[in-house]
Amino acid sequence: MPVTLSLPVTLVQRLKKYAKANEASYASIVMDAIVSSRDELALLVSRLRPDEESDGIFVRTTPRKAEDRTAISFRTRKANVTAIDDLAASDEISAENRSQLCHAALDAFLP
(Lines give C-alpha, C1' and ligand atoms only; values in the text may rest on other atoms or scores of the structure.)
Protein backbone atom coordinates (compact mmCIF):
# COMPACT_ATOMS: atom_id res chain seq x y z
CA MET A 1 0.00 0.00 0.00
CA PRO A 2 1.45 3.42 -0.90
CA VAL A 3 2.18 5.80 1.97
CA THR A 4 3.11 9.46 1.71
CA LEU A 5 4.52 11.39 4.65
CA SER A 6 5.04 15.13 4.94
CA LEU A 7 8.33 15.64 6.79
CA PRO A 8 10.88 18.40 7.31
CA VAL A 9 13.39 18.58 4.46
CA THR A 10 16.33 18.10 6.84
CA LEU A 11 14.76 14.94 8.26
CA VAL A 12 14.16 13.53 4.77
CA GLN A 13 17.82 14.21 3.95
CA ARG A 14 18.86 12.24 7.05
CA LEU A 15 16.47 9.43 6.08
CA LYS A 16 17.84 9.20 2.55
CA LYS A 17 21.44 9.19 3.80
CA TYR A 18 20.67 6.47 6.35
CA ALA A 19 18.76 4.38 3.79
CA LYS A 20 21.64 4.52 1.34
CA ALA A 21 24.32 3.77 3.96
CA ASN A 22 22.36 0.83 5.36
CA GLU A 23 20.81 -0.40 2.10
CA ALA A 24 17.40 -0.24 3.79
CA SER A 25 13.97 0.73 2.52
CA TYR A 26 12.14 3.78 3.83
CA ALA A 27 9.34 1.55 5.09
CA SER A 28 11.76 -0.60 7.05
CA ILE A 29 13.48 2.44 8.56
CA VAL A 30 10.16 4.02 9.56
CA MET A 31 9.05 0.81 11.26
CA ASP A 32 12.44 0.40 13.00
CA ALA A 33 12.23 4.00 14.22
CA ILE A 34 8.76 3.50 15.67
CA VAL A 35 9.73 0.25 17.38
CA SER A 36 12.95 1.69 18.83
CA SER A 37 11.22 4.78 20.26
CA ARG A 38 7.95 3.07 21.25
CA ASP A 39 8.30 3.78 24.98
CA GLU A 40 8.95 7.48 24.47
CA LEU A 41 6.71 8.16 21.46
CA ALA A 42 4.06 10.01 23.47
CA LEU A 43 6.67 12.47 24.74
CA LEU A 44 8.36 12.81 21.34
CA VAL A 45 5.04 13.52 19.61
CA SER A 46 4.02 16.02 22.30
CA ARG A 47 7.14 18.05 21.51
CA LEU A 48 5.90 18.50 17.93
CA ARG A 49 2.43 19.73 18.84
CA PRO A 50 1.66 23.44 18.72
CA ASP A 51 1.73 25.24 22.07
CA GLU A 52 -1.73 25.99 23.44
CA GLU A 53 -2.69 28.61 25.99
CA SER A 54 -6.07 29.37 27.47
CA ASP A 55 -7.23 32.65 28.89
CA GLY A 56 -10.20 30.92 30.50
CA ILE A 57 -12.46 31.51 27.53
CA PHE A 58 -10.43 30.86 24.40
CA VAL A 59 -7.66 28.45 23.53
CA ARG A 60 -4.97 29.99 21.40
CA THR A 61 -2.46 27.96 19.43
CA THR A 62 1.10 29.04 18.77
CA PRO A 63 2.70 26.87 16.09
CA ARG A 64 6.17 25.45 16.61
CA LYS A 65 8.90 26.89 14.39
CA ALA A 66 8.04 26.40 10.77
CA GLU A 67 10.32 24.13 8.77
CA ASP A 68 10.35 23.57 5.04
CA ARG A 69 8.60 20.28 4.37
CA THR A 70 8.65 17.76 1.60
CA ALA A 71 6.79 14.57 0.82
CA ILE A 72 8.35 11.14 0.90
CA SER A 73 6.59 8.04 -0.36
CA PHE A 74 7.07 4.33 0.11
CA ARG A 75 5.08 1.11 -0.08
CA THR A 76 4.30 -1.26 2.76
CA ARG A 77 1.65 -3.77 3.73
CA LYS A 78 -1.79 -2.45 4.54
CA ALA A 79 -1.52 -4.02 8.01
CA ASN A 80 1.60 -1.90 8.69
CA VAL A 81 -0.16 1.30 7.61
CA THR A 82 -3.11 0.40 9.83
CA ALA A 83 -0.75 -0.24 12.77
CA ILE A 84 0.95 3.15 12.27
CA ASP A 85 -2.38 4.96 11.98
CA ASP A 86 -3.82 3.16 15.03
CA LEU A 87 -0.76 4.05 17.08
CA ALA A 88 -0.91 7.68 15.95
CA ALA A 89 -4.61 7.92 16.87
CA SER A 90 -4.26 6.07 20.17
CA ASP A 91 -5.15 7.89 23.38
CA GLU A 92 -1.57 7.37 24.55
CA ILE A 93 0.08 9.05 21.55
CA SER A 94 -2.61 11.37 20.14
CA ALA A 95 -0.59 12.43 17.11
CA GLU A 96 -2.27 14.84 14.71
CA ASN A 97 -1.57 12.40 11.85
CA ARG A 98 0.78 9.61 10.74
CA SER A 99 3.34 12.13 9.46
CA GLN A 100 3.66 13.65 12.93
CA LEU A 101 4.14 10.22 14.50
CA CYS A 102 6.75 9.21 11.93
CA HIS A 103 8.49 12.59 12.23
CA ALA A 104 8.87 12.10 15.99
CA ALA A 105 10.11 8.52 15.66
CA LEU A 106 12.52 9.19 12.79
CA ASP A 107 13.99 12.27 14.44
CA ALA A 108 14.82 10.24 17.56
CA PHE A 109 16.13 7.26 15.56
CA LEU A 110 18.21 8.71 12.75
CA PRO A 111 21.77 9.92 13.26
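The values are calculated or read from the model by the stated rules, or taken from the named source; none is laboratory data. Please read these numbers as outputs of a predicted model, since none were measured by experiment. Heads up, the Cβs are rebuilt from the backbone with ideal geometry, glycines too, and the neighbour counts pull from every protein chain shown. Ligands, DNA and RNA are stripped out before the accessible areas are found, and what is left, the full protein with its side chains, is counted by its heavy atoms. Shrake-Rupley method; radii C 1.70, N 1.55, O 1.52, S 1.80 Å.
Quick look at the values:
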| quantity | calculated |
| --- | --- |
| Förster radius 22 Å - calculated FRET efficiency between residue 79 and residue 48 (Cβ-Cβ, nearest 0.05) | 0.30 |
| Most mobile listed residue (77, 47, 60) in the chain, GNM with C-alpha springs under 10 Å | 60 |
| Ellipticity estimate at 222 nm from DSSP helix runs (n ≥ 4, -39,500 (n - 2.57)) divided over the chain, nearest 500 | -15000 deg cm²/dmol |
| 15 Å cut-off, amide nitrogen to a point 7 angstrom out along residue 13 Cα→Cβ, residues in region 91-111 | 111 |
| Bins of 10 Å from zero: percent of alpha-carbon pairs in region 42-91 | 18, 32, 36, 12, 3 |
| Largest-first ordering by accessible area, 1.4 Å probe, given options 58, 109, 74 | 58, 109, 74 |
| Over region 1-80, relative contact order from alpha-carbon pairs under 8 Å, at least 6 apart, % | 54 percent |
| Partners for residue 20 among aspartates and glutamates (Cα-Cα distance below 19 Å; same-chain residues under 8 apart left out) | 32, 107 |
| Radius of gyration and Dmax over the Cα atoms of the chain, both given in Å | 14.7, 53 |
